[in-house]
1. Among THR51, THR237, THR133, what is the fewest-to-most ranking by other Cβ atoms within 10 Å?
2. Once you list every other residue whose beta carbon is under 12 Å from the beta carbon of VAL215, what net charge do they have if Lys and Arg are +1 and Asp and Glu are -1?
3. By average Cβ neighbour count within 10 Å, what is the ranking of 102-115, 4-17, 181-194 from highest down?
4. Using the 10 angstrom Cβ neighbour count as an exposure proxy, how do ARG180, ARG24 rank, fewest first?
5. Taking only C-alpha pairs under 8 Å that are 6+ residues apart, what is the relative contact order of the range 2-240 in percent?
6. Roughly what would the spin-label model give for GLU54 and HIS19, points 7 Å off Cα along C-beta, in nm?
7. Could you tell me what percent of the DSSP beta bridges with both partners in the chain are antiparallel, to the nearest 5?
8. So what is the 222 nm mean residue ellipticity for the chain from helices alone, if each DSSP H run of at least 4 adds -39500 (n - 2.57) and you divide by all residues, rounding to the nearest 500 deg cm²/dmol?
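What follows is calculated from the coordinates using simple rules that are stated; it is not laboratory data. Keep in mind the model is a prediction, meaning the values are calculated, not measured. Virtual Cβ from ideal backbone geometry, glycine too; neighbours counted across all protein chains shown.
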Amino acid sequence: MLIVQKYGGTSLANAARIHSAARRVTGLAQQGAHVIVVVSAQGDTTDELITKAEFVNLRGSAREMDMCLCVGEQLSAALMAMAIGALGFPAVSLTGWQAGLQTDSVHGNARITGLGNDRIRKELDKGNIVVVTGFQGINQNNDITTLGRGGSDTTAVALAAFLQADLCQIFTDVDGVYDRDPRVYPGATRFGRLPYDKMLRLIEGGAQVLHDRSVEMARDHQIPIEVLSSFTGAPGTIVGP
């Protein structure tokens, strides 16, 4: 079984949360699953990088901004691979370009177009847990690109699609998809299961738990997505056919 898990910035905000995610990942590996982990930048790292860049040059080029912003996910990937290694499991971290994620050339809002190599598959065959940076890829000019808001969701679903994974799990700070934001409305109702098109309508209405591109790609490749809490581990919401 091949499972792709994505962890957002809140889920990786400190060492304790990284170790918690690593234990969940290695638990799957211990059961015999092949696991690919996609990571976002920790906490507010991306906002901090944007502030640093704007302090230097308010009108810096989009290409150089992508070079700057990709650093956050690379740090998360390295730390996650180290945490997995500390638990006695082999792991390797890969940047978007090392993983072969090809995109168009729209810096700051690129779209994934394909998987250009078999590096991930080779690492899985070696017995490694593979940790991939979310939110980034490489264009035809070998320039780093970023995917825009929610890009790590799209990275995870794209890898699940290209590598024919059995499931793509999106770990976040809520325990599923609700009809309203449960952090604002205590009486919000959680969905157990949602079809792709209804999830897209919720996103159009303002739901921010998944990025629309990730749901569209999951629908086009018939990849089920499970949205669940990184803090409880309880079953979440399945977005699927």
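1. So the ranking, lowest neighbour count to highest, is THR51, THR237, THR133.
2. Local charge sum for VAL215: -2.
3. Numbers: 102-115: 17.7, 4-17: 20.6, 181-194: 12.1.
By packing density, highest mean first, the sequence is 4-17, 102-115, 181-194.
4. Ranked by crowding around the Cβ, least crowded first: ARG180, ARG24.
5. Taking the mean separation of contacting Cα pairs over the length of the range 2-240, I get 21 percent.
6. Between GLU54 and HIS19, the label points sit 3.6 nm apart.
7. On the way: 10 of 38 bridges.
Given both bridge residues lie in the chain, the antiparallel proportion sits at roughly 25 percent.
8. Mean residue ellipticity at 222 nm (helix-derived): -12000 deg cm²/dmol.
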